[in-house]
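What follows is a set of notes on a single structure, which appears directly below.
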């Protein structure tokens, strides 16, 4: 009922037709790339889950944290039926898009959700029964949603249990991957549940700190993720890392019984990567107790962090991956390398799309914090009213609409790792003072709380704005600027770089290393003469689209490039000569006759191919006074499209074919209205 009320408030209609506009392949590929790790952990679990429900007119669906479907497997016949309501990869199934449904409602309520038959808000979905469970990371943040959807007649009460167990399996894989070099403590009140999906799992650092936990651990201990990370092995169970390491040196060692708060008894088993732990000194635990040391370990009086640093710096491609031969990039990377792990904040400047977040991630991977979280926050994409809560977190009931049990802010999520504040120039001025205080005191106070929590982050910020100009305009705090600007580096735009060919090769090889894709001479010439206003991001998107369009062909040609890109190339090429040629042509009368439409289509074709415009044929338009108002290239283009559509009787496909452009191009151009000519 609450979900239906939300849908009504959003203005959704129960009889609304399904949205059949999934993301295009390039956009879907980018979404999948951003969620590659989630897909990697989920895909085998989805196959196993589908084996359990095969033949029941059902499908298994994986969505990202926004509700966009990433991947699905299911019975072929039901997959075809599901497509009729747009239940397919690339389509968003959030509540605001598709009304009450298990995926979207689970994202809002953050609990496993069953929506059956006419419980769906939209009538088109009443034939479905859906069971969904959110997938959480070790810090309690939603990574995505796992869902089983089937025909309402195939409903079974055990389906939800299967979905919840599968979601927990994905979460456990994520936790183990996050903390593969940490000690993992498996526990339960009943010994027979050790090794099952019901067991709690804690990730324990060499000094005894709790650095991660699965959902079962939080439920059994009755603690939130943030509260648990303030604990240690000693304060929870009265144990030491060294003692557990000695006891479970043999993986088949008997379970240990320990008492937690309240006197509850838990059965425990510790697992860890023994070679790494043998080389890691086990110093004192976080609660001050001696943790002991193994026979192969270094002296216990040496700080544990030193050896952890040594292990972690070997992971990840780091900065070398970004060095593709450009002198400016080489100099920039050398500067950055010298300040890594020196507690010096880095400010990355550059145009949109130059790869600022990519550089920040490389800095993180090259640092001693590579095994800890990398948390990115885009200050421009979060509403001013929410950014404070997003950054600093909040307690239960801190404000209207606050999540139950509160939420951990992004700064605390990055504790021990790297915090990347993108578009820092868009941060609201009042919030800048709060951030400055956090950076100076190294403590965070969540909204609604009187308690400050210690935080240790490596800071990387980025902006495309001129912060000095903003300081002069009193739009950015000068004291914060100098706190952020330990080392300022400027990422060069793609048009100033000399490594375009190397970048193309790297992008193509990253997607399909064994295909040997290459550009033909014409495409390479287009790339080298183009200004790339969208920089590396635009290059990446153009190439990904071209690869999809090329299919099995190794050679990427002009025909494989996106229409929008080719249009932009021609527009830039003609920028120096076309305006004068167009200005010399008088404004034609409103196009109605087929001959006028054909003339406009010819002009459009000339524009599309980059050839000079032909002289207008004799007639009223050609005899108009020379002083007539000049027409812009954009307006001529729009008139040509309108004329072609009119002559085709409103059939967009026919008009697109005659003009030699895509239907999407026509739809987009007809929505655009040119400004009045100067």
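Normalised by 2.2 N^0.38 Å, where N counts its residues, the alpha-carbon radius of gyration of region 494-561 equals 1.02. What is the distance in Å between the Cα centroid of region 33-97 and that of region 467-484? If you average the Cα positions of each part, the centres end up 46 Å apart. Pair-distance distribution P(r) for region 2-171, from all Cα-Cα distances in 5 Å bins starting at 0: 1, 10, 20, 24, 22, 15, 7, 1 percent. Sorted fewest first by neighbouring Cβ atoms within 10 angstrom, 120, 126 come out as 126, 120. Size descriptors for region 97-213: radius of gyration and Dmax over Cα atoms are 17.1, 56 Å. Footprinting exposure proxy ranking of 367, 216, 452, fewest other C-beta atoms within 10 angstrom first, gives 452, 216, 367. So what's the gap between the Cα centers of region 188-221 and region 345-370, to the nearest angstrom? A separation of 34 Å, based on Cα centres. Each of 159, 324 has some number of other Cβ atoms within 10 Å of its Cβ, and from fewest to most they run 324, 159.
Take each peptide in 40-52, 347-359, 409-421, count the other Cβ atoms within 10 Å of every residue, and average; sorted highest first, the result is 409-421, 347-359, 40-52.
Just to be sure I follow: if Rg is taken over the C-alpha atoms of region 318-490 and Rh is the Kirkwood radius over the same atoms, what is Rg/Rh? Result for region 318-490 is an Rg/Rh of 0.98.
Bear in mind that the values in this text are calculations on the coordinates, not laboratory data. All figures in this text were calculated on a predicted structure; none of them were measured in a lab. When we count neighbours, we look across all protein chains shown, and the Cβ atoms used for this are built from the backbone with ideal geometry, even at glycine.
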